[in-house]
Amino acid sequence: MLKRVSIIALCIIAVVLLYERNAIRDLFTAPKHDLPSPISYADIARPDPSAVSDEDTAGAVSNDQQTSDTEEGDGAAPAAEETLEEKPLVVSERNALNLAVPFQPQAPHANWDLPYQEACEEASVIMVDHYLRGDDSLTADEMDDLILELVVWETEHGYPIDVSVEELVRIVQEKYGWRALVLETLTESAIREQLNLGRPVIVPAAGRELHNPYFRQPGPLYHMLVIKGYTTDGHFITNDPGTRRGADYVYDPAVLLAAAHDWTGEVADGPALGLVMYK
């Protein structure tokens, strides 16, 4: 009898240990979705003349017209390529999309002490920066070095530990030289529109409202992640740096949008905003 109890106890201990190592937890908590193949920025944002309609070109002025107008003294008209600068990026709505944003967690070596426990913003920006540069070789060592470098830069330039979307826009522009815009109306359609342009969307959130089972519970008060695609059933594909299992993590859009809140200085209870970095 004692031997049987011992065997049962050992089995229970083994199950608990496996659960903690995520071997069993994956079977029950990991979202299961068929993900499309990753697509690079160069591929999705490649100029496509067929994507420009007659309506798009109606306001454009040819180079010949520009020269003629200028010579007649009416002022220089914008060149056609300047007028249509953003138009070639427009692509058709897809059934599913997965931008090839490389992943590393904000604690790349599983060290969750400072600054890593507060480095979701830095990790999100670093991942998107690599994507825009066409570099998919983001290693744990590289992420670690880049996070520490960015944290030092932010400190030297007067940025706090937790930054708002507005502050992150300035960091993206000043540190990395990318253009950036704020999505002030964060909806599924607005996010998909940016994704279809080849632009990942960085979203700030009240982390505990994301209900990610892989977070160290109860989860972060404030968090940021990268939305990089969507599945055929409408879920968002993300790189969530708050967990080592955050690559291609799939969120229900209703859950993600309900949790979306900008940082106001104490808690993530601000408006639902998104940040887009682009060339």
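Throughout, read-outs are computed from the coordinates displayed, never taken from laboratory work. From a predicted model like this one, the values you see are computed outputs, not experimental measurements. Counting neighbours? That spans all protein chains shown, and the Cβs are built from the backbone with ideal geometry, glycine included.
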Problem set entry | Overall form of region 116-234 per C-alpha gyration tensor (a/c, 1.5; a/b vs b/c) | rounded
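Within 10 Å of each residue's Cβ, count the other Cβ atoms and sort L148, L186 from fewest upward.
Values: L148 14, L186 19.
Going from least to most buried by this count: L148, L186.
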Seminar exercise, completed: From fewest to most C-beta neighbours within 10 Å, the residues V152, V172 line up as V152, V172
Problem set entry | Distance between region 141-158 and region 228-266 - C-alpha centres, whole angstrom | 24
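Rank these for me by crowding, Y230, Y159, going from fewest to most other beta carbons within 10 Å. Mind dumping the intermediate values first?
Working: Y230 24, Y159 20.
The most exposed by this proxy come first: Y159, Y230.
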Exercise. Relative contact order (percent) for region 120-279, with alpha-carbon contacts under 8 angstrom and 6 or more residues of separation?
Worked result: 28
Seminar exercise, completed: Residues whose modelled amide H sits under 5 Å from the amide H of Y249, counting only those 5 or more places away in sequence or on another chain, are T238, D240
Seminar exercise, completed: Mean Cβ-within-10 Å packing, highest first, puts peptides 101-112, 244-255 in the order 101-112, 244-255
Problem set entry | Three-way shape label, region 182-270, alpha-carbon gyration tensor, a/c 1.5 | oblate
Exercise. Mind listing the Cα extents of region 158-210 along all three principal axes, in Å, largest one first?
Worked result: 35, 31, 15
